[in-house]
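Engineer: Below is a structure I'd like to ask you about.
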Amino acid sequence: MGAVQLLGVQKFFGTMEVIKGIDLRVDDGELVVFVGPSGCGKSTLLRMIAGLEDVDGGEVLISGVEVSGLAPAKRGVAMVFQNYALYPHMSAYDNLAYGLRRSGMARADVDSRVRETAALLQITDLLPRRPKAMSGGQRQRVAIGRAIVRKPEVFLFDEPLSNLDAALRVEMRSQIARLHQELKATMIFVTHDQVEAMTLADRIVVLNSGRVEQVGTPREVYHNPANLFVASFIGSPAMNLLPITRGEDGSILLESGEQMIWPGGKIDGPPGRALTLGLRPDRLSLVGSDQGQISGTVHLAEHLGDETILHVQTAAGRALTLKCDGDAPARLGDLVQIGLDLTGACLFDPDGRRVQ
Ligand SMILES: Nc1ncnc2c1ncn2[C@@H]1O[C@H](COP(=O)(O)OP(=O)(O)OP(=O)(O)O)[C@@H](O)[C@H]1O
Ligand SMILES: [Mg+2]
């Protein structure tokens, strides 16, 4: 029950193919997060699962049943959007009750279902109020309530927290995690927020131009990206990417002329092979004057309290990002020496494929 399966799913808008043959299985009770650049097809894919868009090729299965002939209301899915889509002229109570009444449920059953849902979301006090008399976060909780009240097997969330302020987002994020645990329902959640994706997901699906680039746990996509796209998309600040060549002995030759040993021993391939080295910002550090592999000038120092993000431009004109301690002394315009720690580094070929 509740598993969602996509088999070679395609979508065209006119002649433009926006979903290019996606295969994916979301297990029953799993929370999967879709991430990817704007326009890559996240909402379209959710809407195809919900039945709000036709599927032009392939199949969508929900709980093992091919759903192409089923109307949205018959699919056992509920969708929550970024803009809450509440009926403005109805109280929260009536917003929650509306769909149940329409399905012909008895009055007493509607009442108990609405009150149970309101208690779960801690919105009982809001039930008599209309949406205009609520805060954004309260409205969004009512909107989530409208989805829950129908007891769907699958929840589809399309950036449901984007309109909320930072503190509310954190609170709603933990509510959604709690709901997922309590309801044990399948959830697919779209977000642009890296922290939301990393903290909520059982698995993350990274989408790009209508294709799946990688599916994996948050740790997998962060520490073991399948390709350059995933490596540069996941993680904030983003991974540093440096052009290197393979030395005669399998070592790394940096643009600065410095040579380093690859942690696994040697780089594969012929000498002179051109590759891109990917290094997370916390693997770069400020070091003493003759200990660094790269030197550069600080272009921006973001002092965030417990950490400092330094943006440095190298002599070769590359932009690097360093995640340093909060008390890092560097200031705008400083010439700094940077040490590289290759633990967990990635290597990509010129086509963006991960090679090591
Ligand atoms: N009704 C439509 N008619 C034509 N093209 C559409 C339609 N809806 C979406 N598109 C196009 O399909 C592509 C995917 O859109 P979609 O809304 O799924 O992206 P998204 O990943 O959700 O982006 P965002 O992060 O900005 O919400 C985009 O190129 C978009 O312009
Ligand atoms: Mg979208």
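Engineer: If you put +1 on each Lys and Arg Cβ and -1 on each Asp and Glu Cβ, how big is the dipole of the chain around its Cα centre, in Debye rounded to 20?
Structural biologist: Computed about the Cα centre, the dipole is about 1520 debye.
Engineer: Step by step: find N for the range 101-178, compute 2.2 N^0.38 Å, then divide the Cα radius of gyration by it. What's the final number?
Structural biologist: That ratio works out to 1.14.
Engineer: Projecting each Cα onto the charge dipole of the chain (Lys/Arg +1, Asp/Glu -1 at the beta carbon, about the Cα centre), which of ASN83, VAL32, TYR98 comes out farthest on the positive side?
Structural biologist: Of the options given, the answer is TYR98.
Engineer: Follow-up. May I ask for the distance between the Cα centers of the range 312-356 and the range 119-185, given as a whole number of Å?
Structural biologist: So the separation of the two Cα centres works out to 40 Å.
Engineer: For a quick check, take a GNM of the chain with Cα springs below 10 Å and name the residue from ARG283, ARG178, ARG139 with the largest mean-square fluctuation.
Structural biologist: With Cα springs under 10 Å in the chain, the top fluctuation among ARG283, ARG178, ARG139 is at ARG178.
Engineer: So how strong a dipole does the range 273-348 carry about its Cα centre when Lys and Arg Cβ are +1 and Asp and Glu Cβ are -1, to the nearest 20 debye?
Structural biologist: On the way: 6 positive and 9 negative charges, 91 e Å.
Here the range 273-348 has a charge dipole of around 440 debye.
Engineer: Which whole-number percent gives the relative contact order of the chain, counting Cα pairs below 8 Å spaced six or more residues apart?
Structural biologist: After rounding, I find 15 percent.
Engineer: Let me ask something else. Largest first, please: the extent of the C-alpha atoms of the range 273-348 along each principal axis, to the nearest Å.
Structural biologist: 39, 24, 20
Engineer: Using +1 at the C-beta of Lys and Arg and -1 at the C-beta of Asp and Glu, which of HIS192, MET260, THR117 has the Cα lying farthest in the positive direction of the dipole of the chain?
Structural biologist: THR117
Engineer: With only alpha-carbon pairs counted, each pair once and no self-pairs, how large is the Kirkwood hydrodynamic radius of the range 29-178 in angstroms?
Structural biologist: Values: mean 1/r = 0.0610 Å⁻¹.
It works out to 16.4 Å.
Engineer: OK, next. For the range 185-302, what's the radius of gyration and Dmax over Cα atoms, in angstrom?
Structural biologist: Final numbers for Rg and Dmax: 17.4, 56 Å.
Engineer: As a check on your grasp of the helix formula, calculate [θ] at 222 nm for the chain: sum -39500 (n - 2.57) over DSSP H runs of n ≥ 4, divide by the residue count, round to the nearest 500. Walk me through the numbers before you get to the answer.
Structural biologist: Numbers: 8 runs with 85 residues, N = 356.
Helices in the chain give a 222 nm mean residue ellipticity of -7000 deg cm²/dmol.
Engineer: Can you give the net charge of the other residues whose Cβ lies under 11 Å from the Cβ of ARG146, counting K and R as +1 and D and E as -1?
Structural biologist: Once positives and negatives cancel, what remains is +2.
Engineer: Give me the base-10 log of I(q)/I(0) for the range 24-86 at each q in 0.15 Å⁻¹, Debye formula, one uniform scatterer per Cα, rounded to two decimals.
Structural biologist: So the normalised log intensities work out to -0.51.
Engineer: Take a quick pass over the chain and tell me how many lysine pairs come in under 15 angstrom between Cα atoms, counting only ones 8 or more apart or on separate chains.
Structural biologist: 5
Engineer: Placing +1 at every Lys and Arg Cβ and -1 at every Asp and Glu Cβ, with all other atoms neutral, what dipole size does the range 119-211 have around its Cα centre, in debye to the nearest 20?
Structural biologist: So the magnitude is around 360 debye.
Engineer: Which residue fluctuates the most in the chain, going by a Gaussian network model with Cα springs under 10 Å, if the choices are ILE234, ILE252, ILE49?
Structural biologist: For the chain, modelled as a Gaussian network with Cα springs under 10 Å, the answer is ILE252.
Engineer: If you take the charge dipole of the chain about its Cα centre, with +1 on Lys and Arg Cβ and -1 on Asp and Glu Cβ, which of LEU228, LEU277, ALA166 is farthest toward its positive end?
Structural biologist: Checked the options; the winner is ALA166.
Engineer: Taking just the alpha-carbon atoms of the chain, what radius of gyration and Dmax come out, in angstrom?
Structural biologist: 24.6, 79
Values quoted throughout were computed directly from the atomic coordinates according to the rules given, and no laboratory measurement underlies them. Owing to the predicted nature of the structure, the values given are computational and were not obtained by experimental measurement. Virtual Cβ from ideal backbone geometry, glycine too; neighbours counted across all protein chains shown.
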